Amino acid sequence: MDAATRRGRSADERAARTGNWWLRAVLAWVLIAMLETMQGIARTLWLAPAVGDLRARQLAIVVALAIIFGVAWLTARWLHAPGARRKLAVGAIWTVLMASFDVALGRFFGFGWERILADFDPRQGGFLGLAMLPIVFAPWLAARWRGVP
C-alpha cells in the first residue's frame, strides 16, 4: 500500500485496523461503571429509604439504562468501532463487564449468591438480567442515532 492510500484512510479505519476499538470499549465501560456506582450510592441513600430496597433497585434499572445509552451516544464516534458487528461486540463487552461488576460488587458488600442471583431473576422481582439485553445493542443504536457508520 502506498503512502497516498494510507493517508486517505479515515481515523475509524485506522483505529479498527490497529484493534484499538476494544480498548476504547473497555475505557468507555469504566466511565459507565463509575456513573453506575454513583447512581447506586444515590439509590441506597435516598431512593431506597423512600420506596424500599427492591423497588429502588427496580427503578434504578431505568436510570442505569439511560446512563449506558448516554455514554454510548457520547462515545459513538470516539469508539472507532465501524460496522454493526463491531458495535455489537462493544455492547457484548459492556454486558459481560457490567454483569461481572454487578456480581463482584455484590460479593464485595457481603451479599450472598441468593440475593445476587435474585437481582437477575424477574420471577423474584429482579430486572437486572433483562436489563443486560439492551446493553448489547446500546453502542449500535446510539451510533445509528448519531449517524456514525
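The values are calculated or read from the model by the stated rules, or taken from the named source; none is laboratory data. Please read all numbers here as calculations on a predicted model, not as lab measurements. All Cβ positions, glycine included, derive from the backbone under ideal geometry; neighbour counts span all protein chains shown.
Hey, among VAL136, VAL103, VAL90, which residue is in contact with a Pro (Cβ under 7 Å, 6 or more places away or on another chain) and not in a loop (DSSP other than H, G, I, E, B)? Answer to the check: VAL90. For the stretch 89-124, a tally of residues being surrounded by fewer than 16 Cβ atoms within 10 Å (Cβ to Cβ) and of a type in the set (Ser, Thr, Tyr) returns 1.
Listed by position, the helices (runs of 4 or more DSSP H) contained in the stretch 1-67 that have at least 2 residues being at pLDDT below 95 and in contact with a Lys or Arg (Cβ under 8 Å, 6 or more places away or on another chain) are 11-18. Evaluated against (1) in contact (Cβ under 8 Å) with a residue 60 or more places away in the chain; (2) not in a helix (DSSP H, G or I), TRP78 falls short on exactly one condition, (1). Of everything in the stretch 36-88 that is surrounded by 15 or more Cβ atoms within 10 Å (Cβ to Cβ) and aromatic (Phe, Trp, Tyr), the residue that is nearest to SER100 (Cα to Cα) is PHE69. Taking first residues from the stretch 86-114 that are hydroxyl-bearing (Ser, Thr, Tyr) and at pLDDT 95 or above and partners that are assigned to a helix (DSSP H, G or I) and surrounded by fewer than 16 Cβ atoms within 10 Å (Cβ to Cβ), the Cβ contacts under 9 Å between residues at least 6 apart in sequence or on separate chains come to THR95/LEU133.
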